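Notes for the one structure printed next.
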Amino acid sequence: MGGGRAPGTPLGLLAALLWAPLAAGAAALGAAERSQLRDQVVEMFDHAYGSYMKHAYPADELMPLSCRGRVRGMEPSRGDVDDALGKFSLTLIDTLDTLVVLNKLDEFEDAVRKVVLDVRLDNDVVVSVFETNIRVLGGLLGGHIMADMLKAQGERLQWYKDELLHLARDLGYRLLPAFNTTSGLPYPRVNLKYGVLSPNSRTGTELDTCTACAGTMILEFAALSRLTQETVFEDTARRALDVLWEKRQKGNDLVGTVINIHNGDWVRRDSGVGAGIDSYYEYLMKAYILLGDDTYLERFNAHYVAIMKYISQPPLLLNVHMHNPTVSIRSWMDSLLAFFPGLQVLRGDLKPAIETHEMLYQVTKQHKFLPEAFTSDFAVYWAQHPLRPEFAESTYFLYKATRDPYYLQVGKSIVESLNEYARVACGFAAVQDVRTGRHEDRMDSFFLAEMFKYLYLLFTEKRDLPLDIDDYIFTTEAHLLPLSLSTARSPCPRNVTMFHKGHGEEEIFTRSCPSAQTLFPNNPTFTRTIRDAHKQLLQPGAERLALFRGIEFPLRDTRMEPLEILKRMGLTLLPLGDRSVQLTGIRHQQEASPLGLFSLKFITELVDPPAGEQQGISPLAVQVISPPFFGRIVLTAGPAQFGMDLTKQEHGVKGSLVLSEPYQACAAITNREAVQGKVALAQRGECMFAAKARNLQKAGASGVIFIDNAEGSCSEKMVLFQMVGDGSTSDIVIPLVFLFQKEGQVLLDALAQHCNVDVLLATKPMFLGEEKTARPFSASQLHEAATEPHTRTVTSAPDQA
């Protein structure tokens with residue numbers, strides 16, 4: 001996230017917010033306590049940075065539990081996470097401008113010397129284009145800008161001759177081959193030495209990339225162009241943004257999460273503001289602020305209107321289908337969306353920023369850290385916390401916008417949690433499970449690049465900084481780029497920012513500095529007033545889930561589907577002729593009086609879904625073909641958007657079942673010999689489907705059947721969905737299918753009763769012997785099928801759309 005300029009300049013989007021009147025309603029930290037917290041942040045940084053330099057440098061990252069460096073290829077692979085490592089002293093480069101912000105100028109000069117003398121970029125290693133851009137290119141540019149500033153002051157770095165900029169230029173040219181696609185969207189990975197399509201590159205076979213991966217290049221590439229006067233970088237990044245804009249859903253201005261880099265088709269059509277999309281929106285807004293081009297602001301504003309209309313359900317931010325955005329498609333949120341309140345501060349939209357931040361703070365207080373993902377009823381969904389800085393980022397910007405001391409207290413709680421629950425002898429360790437506090441041997445470079453920068457700025461007065469922070473904007477990795485770059489090149493030609501009818505009206509702060517006094521006239525307690533409505537979200541008996549837009553229903557800690565929740569509450573939905581529904585209450589769970597009868601407009605997809613709609617999903621079949629079943633059990637399965645395409649396998653894929661150990665398959669498979677050549681059963685949860693698939697494929701599985709972890713779920717009552725990957729899944733080639741819990745239990749029961757259970761994974765069941773009518777079982781038939789397979793034949797089945 002970034003700062004702003006003085007009022008009156010075209011880039012001063014934040015200026016009036018930065019020095020807003022002090023808000024009442026929170027106990028202000030005294031100057032001494034604030035100074036003490038600032039010093040504590042510096043001590044924590046010294047512990048983390050010192051541990052890296054002592055135990056890990058020149059390795060890319062520190063392993064804080066092992067007290068040694070993480071060198072790619074010398075430690076067990078962590079999959080895509082390791083794509084950030086390029087044997088280029090990642091943590092040192094990522095930390096350069098943090099050293100200056102924290103006024104550690106001697107350490108900064110020493111670090112610059114080390115980078116200049118030791119770092120080489122011609123390494124035969126495949127790295128993430130996205131991560132290398134934001135961490136390494138951004139780190140080199142931020143370091144160069146700080147070195148140039150200090151040199152100009154005449155006291156330090158008089159020896160410096162733009163070496164970091166030369167390294168940045170070298171790296172920029174090493175990233176450019178990733179953009180050699182027919183669409184202009186980049187490959188997700190590139191070999192630093194051999195590029196993409198060279199026989200030695202070991203990459204270039206990928207088909208898709210995430211929206212953020214393609215759309216988070218413009219700040220670093222444009223800065224590089226304007227500092228070197230070589231326009232190729234900015235032009236290349238802008239073309240990628242043009243493609244994403246052109247491929248948006250033009251009826252609602254939403255984008256998906258994963259896109260085909262060759263033809264521009266959407267691979268994952270879920271739309272949100274978290275992982276996979278997040279920094280695309282951020283970079284449109286910041287590209288306008290940094291580069292002064294209205295094109296980027298117009299695009300951001302169009303997307304923002306769509307976000308607030310479809311995705312924002314204050315205080316929640318829920319993913320929707322980009323082509324059908326009236327229905328939320330998942331009931332959980334990932335922690336990366338914690339940056340969004342800070343972006344809303346840039347936009348001047350303080351009320352939803354305060355609401356979402358307060359919700360995140362309540363979740364953080366309950367679990368000590370923000371879980372990697374949590375449900376819309378605030379239960380842990382993915383329990384990891386890799387020391388992400390996004391919540392601290394939004395806390396800093398809300399404080400800067402409101403001057404409300406409440407946000408200093410929030411920052412203090414972050415400091416205390418880090419020291420109490422993440423600090424170890426050699427730095428700070430990521431949390432593997434926020435419920436148990438178990439650590440992970442990991443300290444990502446972004447922890448030093450971002451977390452300490454935001455916390456230090458939160459507790460430090462502007463006059464005590466070695467630079468004017470409002471002359472810079474922060475990249476998504478919190479690297480500092482000067483706003484003066486806007487004058488280094490004329491704006492890009494206006495090309496494809498065309499709006500459909502309805503975008504003519506602009507809001508009051510669309511093109512001007514937002515003002516807290518205008519937003520909340522004569523109300524210095526506005527932040528507290530907004531927050532107070534959300535402080536009881538996690539209190540027992542007060543959990544709330546916004547199931548339908550405009551209505552909140554109280555519920556308990558549950559992950560049931562919306563209609564089941566209503567049923568348990570004694571509420572029934574009755575379709576009416578005018579395409580609305582009538583909501584009838586039998587008796588409220590917590591009230592003695594009846595709810596009575598009322599009606600509401602309701603999303604028609606829940607009342608009368610078009611036949612076969614379900615986002616175009618065609619069900620697959622899991623058929624049990626071994627004796628004594630002989631093909632009579634056929635289970636409805638959901639497909640995956642990655643792995644082997646079973647629709648192209650005429651005879652399907654056969655295999656014997658085996659239970660994965662561990663059952664959730666999120667770690668290395670321990671029964672590799674048993675899994676080899678067989679179809680593995682694995683449970684949903686704890687990590688992404690793609691991670692499980694990779695672990696089982698590595699163990700030699702011929703296919704995977706994932707079984708839902710929601711008790712009682714079945715295909716009769718649940719909406720079938722496609723499993724999605726993690727941004728780049730071309731390495732997964734085995735077939736993958738998904739069964740709801742009741743269907744999956746049939747296989748588990750069969751495996752418990754019989755030594756050998758063979759299945760067929762296919763688009764439709766095959767016929768065995770005289771049986772010509774095998775159909776998928778209904779939920780009511782499953783138990784009988786599993787317990788009496790030799791007598792059960794299904795001749796009909798309900799619609800399994």
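Distance between the pseudo-spin-label points of Asp468 and Lys151 (7 Å out from Cα toward the beta carbon): 2.2 nm. For Tyr381, the amide hydrogen comes within under 5 Å of the amide hydrogens of Ala373, Phe374, Thr375, counting only partners 5 or more places away or on other chains and with H modelled in the peptide plane.
Students sometimes get this wrong: rank Glu390, Glu650, Glu450 by accessible area, probe 1.4 Å, all chains present, largest first.
Working: Glu390 25, Glu650 160, Glu450 5 Å².
From most exposed to least exposed: Glu650, Glu390, Glu450.
Counting only heavy atoms of the protein chains and using a 1.4 Å probe, Lys151 has close to 70 Å² of accessible surface. Distance between the pseudo-spin-label points of Lys351 and His651 (7 Å out from Cα toward the beta carbon): 6.5 nm. Rounded to the nearest 0.05, what FRET efficiency do Lys309 and Gln753 have when you use their Cβ-Cβ distance and R0 = 51 Å? According to the calculation, E is roughly 0.45.
Once the C-beta distance of Asn709 and Arg435 is scaled by a Förster radius of 22 Å, the resulting FRET efficiency is 0.90 to the nearest 0.05. Each label was represented as a point 7 Å from its Cα along the Cα-to-Cβ direction; for Glu246 and Leu117 these points are 4.9 nm apart.
With a 1.4 Å probe and all protein chains in place, put Thr216, Thr436, Thr525 in order of accessible area, largest first. Spell out each step's value before the answer.
Details: Thr216 0, Thr436 100, Thr525 35 Å².
Ranked from most to least accessible, the order is Thr436, Thr525, Thr216.
Stretched out straight at 0.36 nm per residue, the stretch from Gln158 to Lys54 would grow longer than its current Cα-Cα span by 34.7 nm. Relative to the current alpha-carbon distance between Ala668 and Glu230, full extension at 0.36 nm per residue lengthens the span by 153.1 nm.
Note the full-extension length gain between Asn103 and Val424 as 0.36 nm times their separation in residues minus their Cα-Cα distance, in nm to one decimal.
Values: separation 321, 0.36 × 321 = 115.56 nm, distance 2.47 nm.
Taking Asn103 through Val424 to full extension adds about 113.1 nm, to one decimal.
Relative contact order of region 104-222: 32 percent, from C-alpha pairs under 8 Å at least 6 residues apart in sequence. My understanding is that a pair violates if its Cα-Cα distance is over 32 Å; which of Lys87/Lys678; Lys87/Lys161; Lys250/Lys351 do that in this structure? Too far apart for the 32 Å limit: Lys87/Lys678.
The values are calculated or read from the model by the stated rules, or taken from the named source; none is laboratory data. Please read all numbers here as calculations on a predicted model, not as lab measurements. Virtual Cβ from ideal backbone geometry, glycine too; neighbours counted across all protein chains shown. Ligands, DNA and RNA are excluded from the accessible area calculation, which covers all protein heavy atoms including side chains. Shrake-Rupley method; radii C 1.70, N 1.55, O 1.52, S 1.80 Å.
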